[in-house]
Amino acid sequence: MGKYSRAEIEEAFAKFQATAAEAGVTGDWRAWSECFTEDVEYYEHHYGRMHGRAQVLDWINTTMAESINKDMSSFPIAWTMIDEDKGWIMCQVDNVMDDPGDGSDHREYNWTLLHYAGNGQFSYEEDMYNPTEFGLMIKGWIKARRAASPPRQRP
């Protein structure tokens, strides 16, 4: 048996998901960042390695406020695996773009690896994904948005 119970790990993960869902809507990522230990190690394959909750919060606030990223506000979990003996969680996160105006669905997934450290917090996160596939999804979303909201013609 691991250091932490499966129930404790699942509870922390449920809070992690709920705070990400709220942050995606509000744009305030502070509560989400508090799901991590002060000395968290965070490896995001496009943005690099970050150390410490403050650095992760600065990065996520800046990144998710940028054009295009701010239109990605939903992050449902498609599946989860928990290794309670070692405290690891592996899951598939669907990064869902807001409706571009035509009702079409634009999403791409990443795999997230989390290590549970107790007290409802994680000490490690790594996000793994294919940047080419993300880029194609974004291009499709932009095309759909432009088609749904064509520029106004001047008389």
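Some notes on this structure:
- Residue with peak Gaussian network fluctuation, the chain [Cα springs, cutoff 10 Å], from Leu114, Leu57, Leu136: Leu136
- Projecting the Cα atoms of Ser74, Ala12, Ile89 onto the dipole axis of segment 1-145, where Lys and Arg carry +1 and Asp and Glu carry -1 at the beta carbon, places Ser74 farthest toward the positive end.
- Using just its DSSP H runs of length 4 or more, each adding -39500 (n - 2.57), the chain gives a mean residue ellipticity at 222 nm of -11500 deg cm²/dmol after division by all residues.
- Cβ-Cβ distance of Trp88 and Asn61, R₀ of 25 Å, FRET efficiency by 1/(1 + (r/R0)^6): the value works out to about 0.40.
- Among 38-48, 82-92, sorting by the average number of other beta carbon atoms lying within 10 angstrom of each residue, highest first, gives 82-92, 38-48.
- Extension gain, Tyr43 to Thr26: 0.36 nm times the residue separation minus the Cα-Cα distance gives 3.7 nm.
- Hypothetical label at Thr80: residues of segment 1-16 whose amide nitrogen lies under 16 Å (7 Å Cα-Cβ projection): 4-16
- Basic side chains Lys and Arg get +1 at the Cβ, acidic Asp and Glu get -1 at the Cβ, and with that the dipole of segment 35-79 about its Cα centre reaches some 80 debye.
- The C-alpha radius of gyration of the chain, expressed as a fraction of 2.2 N^0.38 Å, stands at 1.15.
- FRET efficiency for Glu10 and Asp102, using Cβ-Cβ distance with R0 set to 41 Å, rounded to 0.05: 0.65
- Relative to the current alpha-carbon distance between Thr132 and Met1, full extension at 0.36 nm per residue lengthens the span by 43.2 nm.
- Estimated FRET transfer efficiency (Leu113, Glu34; beta-carbon r; R0 25 Å; 0.05): 0.80
Quick note: the coordinates plus some simple rules give every number you see, no bench work behind them. Since the structure is predicted, the reported quantities are computational estimates derived from the model, not experimental observations. A quick note on method: Cβ atoms are made from the backbone with ideal geometry, for glycine too, and the neighbour counts reach across all protein chains shown.
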